[in-house]
Amino acid sequence: MHSLETVIFPVAGLGTRMLPATKSVPKELLPVYDTPLLQLAIDEALAAGARRLVFVSHPSKPGIQDYVTADPDLRAKLVAKQKTDLVRSLDRAAVADKVETHFVFQQTPLGLGHAVQCAAGFRNGGPVGVILPDDVILGAPCLSEMAAAYAPQTARHMVATMRVDDDTISRYGVFELTGQSNGASMMVSGMVEKPAPEKAPSNYAAVGRYLLDDSIFDHLDGLAPGLGGEIQLTDAIAQAQKTEGLCAFAFSGTRYDCGNREGLFQAASAYRELRLGDGGASGVPAMAMAAE
Ligand code: UTP
C-alpha cells in the first residue's frame with residue numbers, strides 16, 4: 001500500500017439542505033444511526049494509514065473541534081462507573097489524542113477547491129487524501145482501497161468513482177474515460193462538472209474520496225471561480241489531469257449521499273445492519289448492546 005500521511009476533511013460548508021437539523025449542529029456531526037458522519041470519515045482515514053488529519057472548518061462550527069478533542073472529565077466519570085463500552089466510544093472520537101490533528105478556517109465557503117487550498121500549508125511533498133464526510137461509503141474502506149491501487153507513475157491523481165443513471169448524472173462531476181484500465185483504476189481524459197445528461201461523457205461520477213499529488217495545490221493557486229461562482233476542486237483536477245495523469249477508481253463499497261435527508265436515512269439503516277450484524281467481517285465495530 002502507498003503511504004498516505006495526510007488527509008484533509010473539508011467541513012466548512014453551510015449544510016443548508018439539511019436545515020433545520022444543521023442550524024446549530026454541523027452537518028458533519030449528524031449521526032448515521034449512532035455514529036457521526038465525521039467519525040466514519042476519520043475511521044476511514046486512520047484505516048488508510050493517515051497520521052495527520054487537517055480539518056478545514058468554519059468558526060461557526062466549534063462542535064467539530066470539540067468532537068475530536070478529549071474530554072477527560074467525562075471519561076473519568078465513565079471509568080468510575082465502569083462503563084467500559086462508553087469509554088471506548090468516547091476514545092474513538094478523541095482522535096486528537098492519537099494522531100496529529102490540525103484546524104484551519106475557511107472564513108467564507110467559496111467552494112470545495114478553495115477549502116482544500118486552505119490546507120496548502122500542510123503539503124509535504126507526498127500525496128494527500130481528501131474525504132468529504134457527507135459521502136459515506138460502507139462495506140469496504142474506500143480510501144484504503146485507493147491507497148493500495150495508487151500508481152503515481154501512471155496517474156498522479158486518483159478520484160473515487162461509481163456508475164450513476166442518466167437521471168441523476170447532472171448532480172455529479174463526470175469522467176471522460178480513455179478506455180485504458182488496470183483493475184479498478186480507469187484512466188481519465190477529461191472531467192465535466194454537473195453536465196446535462198446528453199452532455200455527460202460517461203456514466204462514471206466522482207464521489208468524495210480523492211488521493212492527490214501535492215501539485216494539486218499549485219493547480220488550485222489562483223484558479224478562477226467555476227460553476228456556481230465557486231472555486232471547484234474538479235477544475236483543478238481536470239487541469240492536473242492534462243500533465244500529471246488522473247485515474248477514476250471504482251471502489252467496492254456502497255456510497256450514500258448524506259448531504260440530503262434520504263441519503264442519510266438510507267445510510268443509517270445500512271449502518272445499523274452492519275452494527276447489529278457481523279461487525280467483524282464488515283470492518284465496523286460491533287455494537288455494545290449491553291451498555292446502551
Ligand atoms: P456540499 O457541496 O455538500 O455543500 O459540501 P454544503 O455547503 O456543506 O451543503 P449545502 O449544499 O448547503 O446543503 C461537501 C463537503 O465540502 C465541504 C462541506 O462542509 C462538506 O463536507 N465544503 C463545501 C467546504 O468545506 N467548503 C465549501 O466552500 C464548500
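Each value in this text was obtained by applying a stated rule to the coordinates, not by laboratory testing. Note that the coordinates shown come from a computational prediction; the quantities given were computed from them, not determined experimentally. Because the Cβ atoms are built from the backbone with ideal geometry, glycine has one as well, and the counts that use them run over all protein chains shown.
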#### Entry: the stretch 1-44-the stretch 150-180 distance, computed between alpha-carbon centres (Å)
23 Å
### Query
Normalised by the number of residues in the stretch 105-241, what is the relative contact order in percent for Cα pairs under 8 Å and 6+ residues apart?
36 percent
## Note on the structure
Placing one equal point scatterer on each C-alpha of the chain and summing with Debye, one gets log10 I(q)/I(0) at q = 0.08, 0.11, 0.13 Å⁻¹ equal to -0.33, -0.64, -0.90
### Summary
Exposure-ranked with fewest Cβ neighbours within 10 Å first, 44, 230 stand as 230, 44
### Query
Can you list residues whose amide H is under 5 Å from residue 136's amide H, if they're 5+ apart or on another chain and H is modeled 1.01 Å from N?
256, 258
### Summary
The relative contact order of the chain, taking Cα pairs under 8 Å that sit 6 or more residues apart, comes to a percentage of 23 percent
### Summary
Note on the chain, DSSP bridge orientation, antiparallel percent to nearest 5 equals 60 percent
### Query
Setting aside same-chain residues fewer than 8 positions from residue 77, which lysines have a Cα under 27 Å from its Cα?
61, 98
### Query
To the nearest 0.05, how large is the calculated FRET efficiency for residue 21 and residue 69 if R₀ is 25 Å and r is the Cβ-Cβ distance?
0.65
### Query
Stretched out fully, how many nm does the piece from residue 84 to residue 98 gain, at 0.36 nm a residue minus the Cα gap?
3.2 nm
### Query
In whole Hz, what ³J(HN,Hα) sequence does the stretch 173-180 give by Karplus (6.51, -1.76, 1.60; θ = phi - 60°), x for Gly and Pro?
x, 10, 8, 9, 9, 7, x, 7
### Message
Please list, in order along the stretch 249-260, the HN-Hα scalar couplings obtained from phi with the Karplus expression 6.51 cos²θ - 1.76 cosθ + 1.60 (θ = phi - 60°), rounded to whole Hz, x for Gly and Pro.
### Response
10, 7, 6, 9, x, 10, 9, 10, 7, 8, x, 10
## Note on the structure
By the mean-Cβ-within-10 Å protection proxy, highest first, 69-77, 30-38 rank as 30-38, 69-77
